[in-house]
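Q: Mind looking over this structure? Questions follow.
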Amino acid sequence: MDKHVDRLSKLDACTVSDALDRLGLRGATLGIRPMWLCPGICGRAVTLKLKPQGSVQPTRHLGTEAIDVAKPGEVLVMELSGRTDVPGWGGLLSLAAQVKGLAGIVIDGACRDIDDSADVGFPVFAKAVVPITARGRVVQDSVNEEISFAGTQVHPGDLVVADGSGVIIVDQDRAEEVIAAGEVIAAREAAMSKAVREGISIVDVLEKGGYEAMLNKD
């Protein structure tokens, strides 16, 4: 068991984003959402970059190599330069990734066949869904190399958290301190939630609990 993935999976995207803020780190992305009512995901990144297709025909379908090299529980992270006019992912790829045991995919761009992905239970986070094909439009550029994902640099092995609030990337070299900060924030927010449920005024809970100062470094 990957201890960092196990601990991080207990935190939601907002808490991890707050932890990054507390440490002055980047990693929170914008505009990428679950494309069906899928569960949140957490795992190590397997990176995949697409590029516009030129005159040379591809010898391998995009996405297949990434699925092949990924291990169960890992998350595919796709750079598509934010494009929403062409998909980088489809239903057969979701089926193959689900059979392989991958946690899900996050795409800085569009996908297609989302009903098929939902039918097989494969989590897809993206910017949009479109019906057109990727054939003749985009091809694979690289697998498991550094990519730019929604303004954040991602390396193979970095940690990914994605849920209904968005997608967060955690640099693997800073994972321990980010997770530790997130656990502190989560514990304090849990205590505040408990107080609210017990009937204590939200004003008192937030002021006495130091909510506004919670992201300050100790």
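The values are calculated or read from the model by the stated rules, or taken from the named source; none is laboratory data. What you see is a predicted model, and the numbers here were worked out from it, not measured in a lab. Cβ coordinates were reconstructed from backbone atoms using ideal geometry, including for glycine residues, and neighbour counts include every protein chain displayed.
Q: Within region 168-187, can one find any residue that is loosely packed, with under 13 Cβ neighbours inside 10 Å and farther than 23 Å from ASP18 by Cβ?
A: no
Q: Only one residue in VAL75, VAL46, VAL69, VAL16 is aliphatic (A, V, I, L, M) and closer than 19 Å to ALA180 by Cβ, so which one is that?
A: Residue meeting the stated conditions: VAL16.
Q: OK, next. Can you report the number of residues in region 128-151 which are surrounded by 20 or more Cβ atoms within 10 Å (Cβ to Cβ) and within 19 Å of the chain's Cα centre (by Cα)?
A: Qualifying residue count for the region: 4.
Q: Identify, from the list GLY151, GLY82, GLY136, GLY54, the residue that is at pLDDT 95 or above and either within 24 Å of THR29 (Cα to Cα) or not acidic (Asp, Glu) (or both).
A: Numbers: GLY151 fails: at pLDDT 95 or above; GLY136 fails: at pLDDT 95 or above; GLY54 fails: at pLDDT 95 or above.
Result of the check over GLY151, GLY82, GLY136, GLY54: GLY82.
Q: So how many residues does region 97-109 have that are in contact with a Gly (Cβ under 7 Å, 6 or more places away or on another chain) and farther than 12 Å from VAL46 by Cβ? Can you show your working first?
A: Taking region 97-109 as the starting set, the residues that turn out to be in contact with a Gly (Cβ under 7 Å, 6 or more places away or on another chain) are 98, 101, 103, 107-109.
Restricting the remaining residues to those that are farther than 12 Å from VAL46 by Cβ gives 98, 101, 107-109.
Count: 5.
Q: Look through region 92-102, keep the residues that are among the aliphatic types (A, V, I, L, M) and surrounded by fewer than 24 Cβ atoms within 10 Å (Cβ to Cβ), and return whichever of them is farthest from ALA13 (Cα to Cα).
A: The selected residue is LEU92.
Q: From GLY82, GLY91, grab the single residue that is assigned by TED's automatic domain parsing to the domain that holds ARG33, without any contact (Cβ under 8 Å) to a residue 40 or more places away in the chain and in contact with an Asp or Glu (Cβ under 7 Å, 6 or more places away or on another chain).
A: Unique residue meeting the criteria: GLY91.
Q: Further, regarding this structure: Name, by its number, the condition in (1) touching a residue at least 24 places away in the same chain (Cβ under 8 Å); (2) in the same structural domain as ASP113 (by TED's automatic domain parsing) that does not hold for LEU11.
A: Result: LEU11 fails condition (2) only.
Q: Another question about this same structure. Out of region 2-49, which residues are charged (D, E, K, R) and within 23 Å of LEU62 (Cα to Cα)?
A: Within region 2-49, ARG33, ARG44, LYS49 meet the criteria.
Q: With the condition kept exactly as written, say whether any residue in region 205-217 is without any contact (Cβ under 8 Å) to a residue 40 or more places away in the chain, over 30 Å from THR59 (Cβ atoms) and outside any helix (DSSP H, G or I).
A: yes
Q: Turning to a different aspect of this structure: Regarding region 161-170, can at least one residue be identified that is modelled with pLDDT of 85 or more and either among the charged types (D, E, K, R) or at positive phi (or both)?
A: There is at least one residue in region 161-170 that is modelled with pLDDT of 85 or more and either among the charged types (D, E, K, R) or at positive phi (or both).
Q: Against the conditions (1) in contact with a Cys (Cβ under 8 Å, 6 or more places away or on another chain); (2) not assigned by TED's automatic domain parsing to the domain that holds GLY31; (3) not acidic (Asp, Glu), where does ALA195 fall short? Just the number, please.
A: Among (1) in contact with a Cys (Cβ under 8 Å, 6 or more places away or on another chain); (2) not assigned by TED's automatic domain parsing to the domain that holds GLY31; (3) not acidic (Asp, Glu), ALA195 violates only (1).
Q: Can you pull out the residues in region 65-91 that are surrounded by fewer than 14 Cβ atoms within 10 Å (Cβ to Cβ) and in a helix (DSSP H, G or I)?
A: ASP68, VAL69
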